[in-house]
Amino acid sequence: MDTTTILFILAIGFGFYMAWSIGANDVANAMGTSVGSGALTIKRAVILASILEFSGAFFVGSHVSETIRKGIISPMVFQGHPMDLVYGMIGALLAAALWLQLATYFGWPVSTTHSIVGSVIGFGMVVGGIHAIEWGKVVSIVASWVVSPLMSGAIAFLIFTLIRRQIYYKDDPVAAAKRVVPYLVFFVFLILTLTMVFKGLKNLHLHLGFEHALLIATAIGLLAAIISHFLVKRIPTVVVTRPSEKQPPMVVKGLSNIIKQLEKMIHMARGDLGSELKRIKEEVVVAKDSASLNLQAERASAEHQTVQRIFVYLQILSASFVAFAHGANDVANAVGPLAAVISILSSGLLSMKAQVPIWILGLGGVGIIIGLATWGWRVMETIGKKITELTPTRGFAAEFAAATTIVIASKLGLPISTTHTLVGAVLGVGLARGIGALNLRVISDIIVSWIITIPVGAAGAIVFYYILKAIFG
């Protein structure tokens, strides 16, 4: 077996391994909140995500890939030395896939794009030196670590706060939901249609201007809102006999704040005043517990369960759009380097763009599905259950905020990471209920994993580049 054939086999194997790792880690971005909130079982999430991810990857995945992913290195570095790019890309695929598998094992949601970019930086510096790297691009990627979660977190916070005040804090939540849901459906279809145009379908080169795309999205949103209006009207009214002492949620929150202030004053007070404040605090605690028990019974009531069921459908819809868009875009992290290697091995020439054969897109789609089905549950559990407790309304707020952030960032040209966007949105939903609703230890682990993704990928790619060059060079 000659060297070219061996390298060809290695490239296909590591490309498939990378696609498997993408499925195991990144697909949880789309389905993690749905599983965590109970909107979907893991089995149903895997089936739904498999269909949508493969469809996105196979039918609208890029048929032309940049030779160097994300323009991180000038291709001129490899002019006259195309085999250096082959060794580097094969090493980058293996390094990125190994890091993604390790992160998945620990349940860390990391960016697959940043993983492959870090790997490309590693072998690029070895071949062309530190000046061969487009550091401006690298800085924009690092900026996305901050931009993505902050923007989506703020939007998720606002959306969930709006839902609580306009639906759950009302005396008749079901009637409030019937009024509010058509408006939500309009904005959901508006944003998700724009997400598809700007993110999920960009590889079809539709070249729609923003105004034209907005017009189409508005029309689709209005149609969906009208249909949803007639559908929610059919939901039966829930008759509830309310206890006379039922208190609004804001009363419970206010009592909690009073208790915190009293505790501070007790520590500072002197003499008999401290004892008197303790007695007052005990009475407020009793009042708060009584109101909380009443509120918990209210939240477990039939009307609140009805509202949650409405949001199950909205959440699944949001997750489906995100999964399709993810398959269309992030499959390039596996098939892009693979296509570059196959193009060079077939022609012996280095080109700026490499054609992606249809079978490579299929290989990437299958790899993503297998990764999701075998290890996808690990990161799903982190996003859906370990960061904060999710319900269908909270999960919907997070998914919708992530999609909204993707559209805004795409329009403004801001650097964005789907992974960081979704994690930030989940954090925003948790913060809407107070810092105590967040698992800070899990969050700190995730942030550390983001920071080390690029250097770990770079180090791994350098090692594998030298090994491959020593064997085949």
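No lab work stands behind these numbers, since they all come straight from the coordinates. Owing to the predicted nature of the structure, the values given are computational and were not obtained by experimental measurement. FYI the Cβ positions are ideal-geometry reconstructions off the backbone, even for glycines, and counts take in every protein chain you see.
Mind giving me the FRET efficiency for ALA287 and HIS229? R0 is 41 Å, r the Cβ-Cβ distance, nearest 0.05 is fine.
Working: r = 41 Å, r/R0 = 1.00.
Calculated value: 0.50.
Using a 10 Å cut-off around each Cβ, can you sort LEU338, LEU427, LEU438 from fewest to most neighbouring Cβ atoms?
On the way: LEU338 28, LEU427 22, LEU438 18.
So the residues, fewest neighbours to most, are LEU438, LEU427, LEU338.
Taking 0.36 nm per intervening residue step and subtracting the Cα-Cα distance, what contour gain separates ILE467 from ILE47 on full extension?
Here the segment from ILE467 to ILE47 would lengthen by 147.3 nm.
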Item checked: Potential extension, HIS267-LYS411 segment - 0.36 nm per residue separation minus Cα distance -> 46.7 nm
Notebook entry, point to check: Arranged by the count of other C-beta atoms within 10 angstrom, fewest first, what order do ASP84, ASP272 take?
Noted result: ASP272, ASP84
Check: Do any of LYS253/LYS385; LYS43/LYS385; LYS178/LYS233; LYS170/LYS253; LYS260/LYS386; LYS253/LYS386 go past 18 Å between their Cα atoms, and which?
Finding: LYS253/LYS385; LYS260/LYS386; LYS253/LYS386
Item checked: Stretch gain in nm, segment GLU381-TRP135, where the contour uses 0.36 nm per residue and the Cα spacing is subtracted -> 85.1 nm
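Over the Cα atoms of the range 322-373, compute the convex hull volume and normalise it per residue, giving Å³. Before the final figure, lay out each step's value.
Values: hull volume 3.9 nm³, N = 52.
Output value, Cα hull per residue: 75 Å³.
Stokes-Einstein at 10 °C, 1.306 mPa s, Kirkwood radius from Cα pairs: D for the range 329-453 in µm² s⁻¹? Mind showing how you got there, number by number?
On the way: Rh = 17.2 Å.
My calculation gives 92 µm²/s for D.
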Check: Based solely on its DSSP helices, what 222 nm [θ] is calculated for the chain when runs of n ≥ 4 H residues each add -39,500 (n - 2.57) and the sum is averaged over all residues, nearest 500 deg cm²/dmol?
Finding: -26000 deg cm²/dmol
Note to self: Could you tell me how far the Cα centroid of the range 86-150 sits from the Cα centroid of the range 362-403, in Å?
What the structure shows: 22 Å
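For HIS326, HIS304, what's the fewest-to-most ordering of other Cβ within 10 Å of each Cβ? List each step's numbers first, then the result.
Values: HIS326 28, HIS304 20.
The most exposed by this proxy come first: HIS304, HIS326.
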Notebook entry, point to check: Once both axes come from the Cα atoms, what is the angle between helix 418-431 and the longest principal axis of the chain, in degrees from 0 to 90, rounded to 10?
Noted result: 10 degrees
Check: Computed from the mean reciprocal separation of all distinct C-alpha pairs, what Kirkwood hydrodynamic radius does the chain have, in Å?
Finding: 24.0 Å
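Suppose R0 equals 25 Å. What FRET efficiency, 1/(1 + (r/R0)^6) with r the Cβ-Cβ distance, do LEU440 and ALA143 give to the nearest 0.05?
On the way: r = 24 Å, r/R0 = 0.96.
The computed FRET efficiency comes out at 0.55.
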